[in-house]
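Visitor: Before I ask anything, let me first share the structure, which is written out below as structure tokens.
The values are calculated or read from the model by the stated rules, or taken from the named source; none is laboratory data. Source: prediction; values computed, not measured. Cβ: placed from backbone, ideal geometry, glycine included. Neighbour counts: every protein chain shown. What goes into the accessible areas is simple: the full protein's heavy atoms, side chains included, and nothing from ligands, DNA or RNA. Shrake-Rupley method; radii C 1.70, N 1.55, O 1.52, S 1.80 Å.
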Amino acid sequence: MGITAEAIKKALLAALVTLGLAFPIVALQTDVNLSNQLVLIGRWGLTFALAGIAFVGVLLFTLVRPAVIARRAPSTAAKAVSTAPPHPFFRFLPRIGLAFLLTYPLLALGISLAGGPGLLKLVDTYGIQILIYVLLGLGLNIILGLAGLLDLGYVAFYAVGAYSSALLTTTFGLSFWIVLPLGGILAALWGVMISLPVLRLKGDYIAIVTLAFAEIVRLVLVNWVPVTGGYAGVSNIPKPTLFGLSLGPEPGSLTSLLGIPYSPFYRLAFMYYLVLALALAAYLVTLRLRTLPVGRAWEAMREDEIACRSLGINTTATKVSAFAAGAFFGGIAGAFFAAHYGFISPKSFEFMESAMIVAIVVLGGLGSTIGVVIAATLMVGGTELLRELGVLKAVFGSGFDPAQYRMLLFGLAMVVLMLLRPKGLISTREPTVRLKPQPTRGAPAVSAAE
């Protein structure tokens with residue numbers, strides 16, 4: 001095993017990339033001195049040290065990897081055994097995850113009382129916000145992951161659901177439990193309307209039309225001031241109630257009737273379990289839709305639209321149903337978002353939100369529901385977690401602020417992840433329909449001739 005020219009090229013490229021990334025972050029740290037002047041603090045030693053570590057690491061990895069691949073090359077017998085289902089332990093993972101989700105508010109309360117991060121950060125930032133993006137990702141996964149329609153304007157359905165529910169509650173005094181499904185239905189109607197112009201379009205052209213639709217919706221929200229409030233948005237949106245009783249500190253609330261002291265934890269826990277129920281419902285509905293004829297038509301159209309037409313599948317109805325179903329979940333998420341935070345504005349529904357949702361679906365694996373959940377947790381929770389990494393100051397200097405560079409660091413992590421797993425975190429999925437019963441673990445695999 002010798003050092004080849006190809007290995008040296010890869011190592012040099014890694015060192016140059018590391019040097020280019022570390023230059024604006026490490027080598028040129030900024031600081032403000034006593035005369036209120038911006039001073040550049042050079043840290044070239046650490047910069048070249050990181051580049052050297054990258055060079056040596058990539059060089060060693062390139063040299064060792066062929067031997068590892070040869071050692072792990074599966075034989076014919078190993079391939080036959082690998083076709084069996086995974087270990088039964090993995091059957092318990094969904095139950096463990098569900099138990100963790102159900103007890104998470106109590107765990108967050110215990111961590112907060114023990115002197116950890118605040119309850120608002122733990123339950124709201126790392127719980128409710130992640131679940132909102134899970135709900136949005138599951139909706140876009142129907143359009144992009146199952147049907148194969150590149151929608152870059154999914155945030156428009158999110159905005160329609162939020163503004164429609166907010167205006168219905170503040171103007172007409174409707175209950176949250178009424179406007180929640182109405183927000184999803186209105187967003188689904190807009191999904192049907194936007195699907196009509198793209199019936200004859202494919203690929204990038206669908207992306208351009210949906211992107212333009214999202215921009216139109218944003219401009220309407222900004223300029224239709226008498227209705228939407230413009231940049232001021234809609235405020236004082238009523239909070240959801242439980243059996244008509246508020247969870248706030250005001251008289252007549254549920255806590256006052258029960259005779260227990262008020263705590264903001266009650267409302268946070270209630271909103272957390274509400275969005276958790278919505279996300280679980282969306283997850284189960286998506287799994288069910290995949291097994292129905294419409295779900296199989298979505299996946300068939302994603303693979304080859306011309307073949308779908310030759311088989312007699314109505315691609316027009318298939319596209320319309322995909323947009324409507326995906327938009328419905330986006331509207332539900334928007335209605336919950338408006339009710340939870342009590343204020344919405346056009347700034348919450350810009351293109352970056354669509355890019356974030358698309359990244360969740362692609363990173364998780366197109367068409368994979370569990371992949372969407374994992375990707376939303378990593379992207380939303382990961383970007384927020386980088387705010388708290390004060391230990392990075394010991395590496396990059398006291399002037400380094402993780403909150404300012406969190407998107408850069410997280411983007412670099414995403415690039416590395418997509419290079420290692422270009423098909424997403426979950427690149428394989430269970431088949432929609434099985435022609436034969438699933439074999440038990442340890443059973444001999446069926447040969448190709450059979």
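Visitor: Which condition does VAL227 not pass, out of (1) over 30 Å from the mean Cα position of the chain (by Cα); (2) open to solvent by 60 Å² or more (accessible area, probe 1.4 Å), if it passes all the others?
Guide: All conditions are met except number (2).
Visitor: List the number of the failed condition for GLY312; all other conditions in (1) surrounded by fewer than 16 Cβ atoms within 10 Å (Cβ to Cβ); (2) part of a helix (DSSP H, G or I) hold.
Guide: Looking at each condition in turn, GLY312 falls short on (2).
Visitor: Let me ask something else. Could you list all residues from segment 230-265 that are among the aromatic types (Phe, Trp, Tyr) and open to solvent by less than 60 Å² (accessible area, probe 1.4 Å)?
Guide: PHE265
Visitor: Do you know which residues across segment 244-279 are part of a helix (DSSP H, G or I), without any contact (Cβ under 8 Å) to a residue 24 or more places away in the chain and among the aliphatic types (A, V, I, L, M)?
Guide: Of everything in segment 244-279, those that are part of a helix (DSSP H, G or I), without any contact (Cβ under 8 Å) to a residue 24 or more places away in the chain and among the aliphatic types (A, V, I, L, M) turn out to be LEU254, LEU257, LEU258, ALA277.
Visitor: For segment 362-415, enumerate the residues that are within 20 Å of ILE132 (Cβ to Cβ), modelled with pLDDT of 85 or more and open to solvent by 30 Å² or more (accessible area, probe 1.4 Å).
Guide: Listed by number, the residues that qualify are VAL362, ILE370, VAL373, ILE374, THR377, LEU378.
Visitor: When you check SER345 against the structure, is it surrounded by 22 or more Cβ atoms within 10 Å (Cβ to Cβ) and not hydrophobic (A, V, I, L, M, F, W, C), yes or no?
Guide: Judged against the criteria, SER345 is not a match.
Visitor: Only one of these is out of contact with any helix residue (DSSP H, G or I) (no Cβ under 8 Å at 6 or more places or on another chain) and not in a helix (DSSP H, G or I): GLY148, GLY115, GLY153. Name it.
Guide: GLY115
Visitor: Now a separate question. For segment 178-224, which positions are of a type in the set (A, V, I, L, M, F, W, C) and not in a helix (DSSP H, G or I)? Walk me through it before giving the result.
Guide: Here is the first cut: in segment 178-224, the residues of a type in the set (A, V, I, L, M, F, W, C) are 178-180, 182, 185-190, 192-194, 196, 198-199, 201, 206-209, 211-214, 216-217, 219-222, 224.
Matches in segment 178-224: LEU196, VAL198, LEU199, LEU201, TRP224.
Visitor: May I pose another question? If only one of ALA73, ALA108, ALA77 is open to solvent by 50 Å² or more (accessible area, probe 1.4 Å) and either modelled with pLDDT of 85 or more or outside any loop (DSSP other than H, G, I, E, B) (or both), which one is it?
Guide: Going through ALA73, ALA108, ALA77 in turn, the sole match is ALA77.
Visitor: Go through segment 272-327 and report how many residues are under 29 Å from PHE176 (Cβ atoms) and of a type outside the set (A, V, I, L, M, F, W, C).
Guide: 7
Visitor: Has segment 288-298 got at least one residue that is within 21 Å of LEU167 (Cα to Cα), open to solvent by 20 Å² or more (accessible area, probe 1.4 Å) and assigned to a helix (DSSP H, G or I)?
Guide: No, that holds for no residue.
Visitor: If we scan segment 178-198, do we find a residue that is crowded, with 21+ Cβ neighbours inside 10 Å, among the hydroxyl-bearing types (Ser, Thr, Tyr) and closer than 29 Å to THR125 by Cα?
Guide: Looking for residues that are crowded, with 21+ Cβ neighbours inside 10 Å, among the hydroxyl-bearing types (Ser, Thr, Tyr) and closer than 29 Å to THR125 by Cα, one finds none in segment 178-198, hence no.
Visitor: Evaluate segment 317-330: report whether one residue or more is on the phi < 0 side of the Ramachandran plot and out of contact with any helix residue (DSSP H, G or I) (no Cβ under 8 Å at 6 or more places or on another chain). Lay out the reasoning, then the answer.
Guide: Within segment 317-330, the subset on the phi < 0 side of the Ramachandran plot is 317-330.
From what's left, out of contact with any helix residue (DSSP H, G or I) (no Cβ under 8 Å at 6 or more places or on another chain): 317.
Yes - at least one qualifying residue is present in segment 317-330.
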